[in-house]
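The values are calculated or read from the model by the stated rules, or taken from the named source; none is laboratory data. Predicted model only: the values in this text are computed from it and were never measured. Virtual Cβ from ideal backbone geometry, glycine too; neighbours counted across all protein chains shown. For the accessible areas, the whole protein counts, side chains as well, though only heavy atoms, and no ligand, DNA or RNA atoms are used. Shrake-Rupley method; radii C 1.70, N 1.55, O 1.52, S 1.80 Å.
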Amino acid sequence: MIQSKVLLVDDHEVVRSGLRRLLELNKALVVVAEADSGEQAYQVYGDFQPDIVVMDLSMPGMGGLEAAKRILQRHPSARIIIFSMHEAVSFASQALKAGVRGYVTKTGAADDLMMAVNEVLRGKTFLSAGIAQKIALQTLMGDDDPLQQLSSREFEVFRLLAEGRKVEEVADMLKISQKTVANYHTMIKQKLGVTSPIEMVRLAMRHGLIEE
């Protein structure tokens, strides 16, 4: 039997070992590597060339969104599934825009992840029912999500700044210069029509990016 190789990325070892057990119940899957950060995921991907990546979004340093984007830039055929606590449509939309093939919420049905892995391995896209419903509703209602205007890099900078991180912290986490972060900050404010840090935080809260 040919097994599909899986890379697990989550900063919690307990979560990774649970995922490993769950995925390996399917004899057609084998977890070949694990990573506890976006940076490590990017390196490990090149070493193991897995068939599928299951990755968390919120991790110290480079988050899952940025890591997915970098992996896909270098390996366009990479099949990545985001497995996250975040249920905000903005996260799922940005992940799909970056080229991710699946978005599964940790609060969804237990077999969602297995279904996602099987679907994505077959070349399809998979979204948790709750997320798919929210995206459909947003489209139906014609709700204009201003965050859709942001590129995935701008979105990450916006999210980190709204969380209250300093420019130098963001630069360090995303491995870019402080000047670049400042430029992104200016672009973000123009695109979203916000002028103060308070407005930025309110917008992030309204779209479920940060807790109230």
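Report, by chain and number, residues whose modeled amide H sits under 5 Å from the one on L29, excluding near sequence neighbours (fewer than 5 apart, same chain).
For L29, the qualifying residues are S4.
Where does the chain land on Rg/Rh, using Cα atoms and the Kirkwood Rh?
0.97
Using a Förster radius of 30 Å, what is the FRET efficiency between S151 and E211 based on their Cβ-Cβ separation? Nearest 0.05, please.
Plugging the Cβ-Cβ distance into 1/(1 + (r/R0)^6) gives 0.75.
Would you look at the GNM of the chain, springs on alpha carbons closer than 10 Å, and say which of S77, S37, S196 moves the most?
Its mean-square fluctuation being the largest, the pick is S196.
Any chance you could get the radius of gyration and Dmax over the Cα atoms of segment 1-104, in Å?
Both quantities, over Cα of segment 1-104: 12.6, 39 Å.
Measure out, as a whole number of angstrom, how far apart the alpha-carbon centroids of segment 92-117 and segment 171-200 sit.
What the calculation gives is 28 Å, centre to centre.
For the chain, with all protein chains present and a 1.4 Å probe, just round the carbon and sulfur fraction of the accessible area to a whole percent.
Of the solvent-accessible surface of the chain, carbon and sulfur hold 53 percent.
At q = 0.18, 0.31 Å⁻¹, what base-10 log of I(q)/I(0) does the Debye formula yield for segment 105-157 when every alpha carbon is treated as an equal point scatterer in vacuo?
Taken in order of the listed q values, log10 I(q)/I(0) reads -0.81, -1.03.
Exposed loop sites here are trypsin sites (Lys or Arg not before Pro) in DSSP loop states with at most 10 other C-beta atoms within 10 Å. What is the longest stretch of the chain lacking them?
The answer is 28-121.
State in Å² the accessible area per residue of the chain; use a 1.4 Å probe, count heavy atoms of protein chains only, and round to the nearest integer.
In whole numbers, the chain has 49 Å² accessible per residue.
Here are some pairs, K134/K179; K69/K166; K69/K134; K124/K175; K5/K166; K134/K175; which of them have Cα atoms lying more than 30 Å apart in this structure?
Checking Cα-Cα distances, K134/K179; K124/K175; K5/K166; K134/K175 exceed 30 Å.
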